[in-house]
Amino acid sequence: AQTVTQSQPEMSVQEAETVTLSCTYDTSESDYYLFWYKQPPSRQMILVIRQEAYKQQNATENRFSVNFQKAAKSFSLKISDSQLGDAAMYFCAFNAGNMLTFGGGTRLMVKP
Amino acid sequence: GAGVSQSPSNKVTEKGKDVELRCDPISGHTALYWYRQSLGQGLEFLIYFQGNSAPDKSGLPSDRFSAERTGGSVSTLTIQRTQQEDSAVYLCASSLITGGVETQYFGPGTRLLVL
């Protein structure tokens with residue numbers, strides 16, 4: 001069974017600054033995928049970024065990038081130039097087959 | 001194009017009543033998932049459909065929960081004899097495989113409150 005752990009229940013960042021959200025996971029699988037989803041108060045889970053485990057290069061999507069350390073089973077999300085609209089719950093998720101296994105989430109607050 | 005839609009957006013019911021939650025996936029997505037999000041349990045997988053069949057029902061919490069999918073499209077999650085612990089947000093996702101990676105796209109969820 002896979003487990004995903006997000007050790008930071010809440011994080012705060014100043015607008016325009018950079019913040020990193022942590023995620024670790026445990027699995028015996030060698031082929032898997034990792035995702036970060038954002039959930040604003042509207043409840044809609046929005047895909048932020050994804051990473052294939054077989055790729056060594058870290059994924060980037062505009063202001064969002066990941067630091068994927070496969071050996072350490074770590075998958076952190078870096079948000080650069082934080083904006084007020086980035087305020088939301090962020091979930092790290094693991095997929096080795098079909099279903100997603102989610103971490104407990106990190107609530108990100110952005111201060112103007 | 002249109003995203004995943006779910007109805008109703010909110011549902012309040014009395015303990016013991018049956019409820020039906022509906023999910024319309026993105027057109028062309030063959031896989032469909034149901035998850036439950038509650039304060040105490042976080043996000044939990046319930047059931048997965050590939051086409052109209054459900055290869056994985058392992059997450060359904062009890063036999064009061066059932067789901068079906070027809071025409072490879074719309075899915076209905078039914079909860080019979082609802083209990084207060086069923087109160088949660090029920091999320092549906094459909095998936096597309098691009099570049100060998102399956103990515104799930106979520107609907108806005110149905111918030112269920114059992115009184």
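The values are calculated or read from the model by the stated rules, or taken from the named source; none is laboratory data. Since the model is a prediction, treat every value here as computed from it, not as a measurement. Here the Cβ positions follow ideal geometry from the backbone for every residue, glycine too, while neighbour counts run over all protein chains shown.
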Requested in this report: Output the residues belonging to the stretch B:43-58 that are assigned to a loop (DSSP other than H, G, I, E, B) and either more than 9 Å from chain A (Cβ to nearest Cβ) or closer than 17 Å to B:GLN104 by Cα (or both).
Outcome: B:GLY51, B:ASN52, B:LYS57
Query raised in the report: Counting just the residues of the stretch A:71-112 that are of a type in the set (D, E, K, R) and more than 12 Å from A:VAL4 (Cα to Cα), which one comes out nearest to the other protein chains (Cβ to nearest Cβ)?
Result: A:ARG107
Query raised in the report: Where residues in the stretch A:42-60 are farther than 18 Å from A:LEU100 by Cβ and away from chain B (no Cβ under 11 Å), which of them is modelled with the lowest pLDDT?
Result: A:GLN56
Report task. Those residues that are over 13 Å from A:PHE75 (Cα atoms) and surrounded by 13 or more Cβ atoms within 10 Å (Cβ to Cβ), I need them from the stretch A:1-11; list them, please. Result -> A:GLN2, A:GLN8, A:MET11
**Report entry** Complete set of residues in the stretch B:1-19 that are closer than 19 Å to B:SER66 by Cβ and either in contact with a helix residue (DSSP H, G or I) (Cβ under 7 Å, 6 or more places away or on another chain) or surrounded by fewer than 15 Cβ atoms within 10 Å (Cβ to Cβ) (or both)
**Finding:** B:SER7, B:PRO8, B:LYS15, B:GLY16, B:LYS17, B:ASP18
Report task. Tell me, yes or no, whether the stretch B:40-51 has at least one residue that is of a type in the set (Asp, Glu) and surrounded by fewer than 16 Cβ atoms within 10 Å (Cβ to Cβ). Result -> no
Query - Positions within the stretch A:32-59 being surrounded by 13 or more Cβ atoms within 10 Å (Cβ to Cβ), more than 19 Å from A:VAL110 (Cα to Cα) and of a type in the set (Ser, Thr, Tyr), in sequence order - result: A:TYR32, A:TYR33
Query raised in the report: Does the stretch A:4-28 hold any residues that are without any contact (Cβ under 8 Å) to a residue 60 or more places away in the chain, over 26 Å from B:THR98 (Cα atoms) and part of a strand (DSSP E or B), and which are they?
Result: A:THR20
Query raised in the report: Among the candidates B:GLY40, B:GLY72, B:GLY28, which residue alone is at pLDDT below 95 and within 14 Å of another protein chain (Cβ to nearest Cβ)?
Result: B:GLY40
Query raised in the report: Hey, A:ASP31 hits all of (1) within 14 Å of chain B (Cβ to nearest Cβ); (2) in contact (Cβ under 8 Å) with a residue 24 or more places away in the chain; (3) not in a loop (DSSP other than H, G, I, E, B) but one; which does it fall short on?
Result: (3)
Query raised in the report: Is there a residue in the stretch B:15-24 that is of a type in the set (A, V, I, L, M), within 30 Å of A:GLU52 (Cβ to Cβ) and within 14 Å of another protein chain (Cβ to nearest Cβ)?
Result: no
Query raised in the report: Among the numbered criteria (1) closer than 25 Å to B:GLY109 by Cα; (2) within 14 Å of chain B (Cβ to nearest Cβ), which single criterion is violated by A:LEU21?
Result: (2)
Requested in this report: Mind listing just one residue for me: the one in the stretch B:96-115 that is touching a residue at least 60 places away in the same chain (Cβ under 8 Å) and more than 9 Å from every other protein chain (Cβ to nearest Cβ) and, of those, nearest to B:ILE26 (Cα to Cα)?
Outcome: B:LEU96
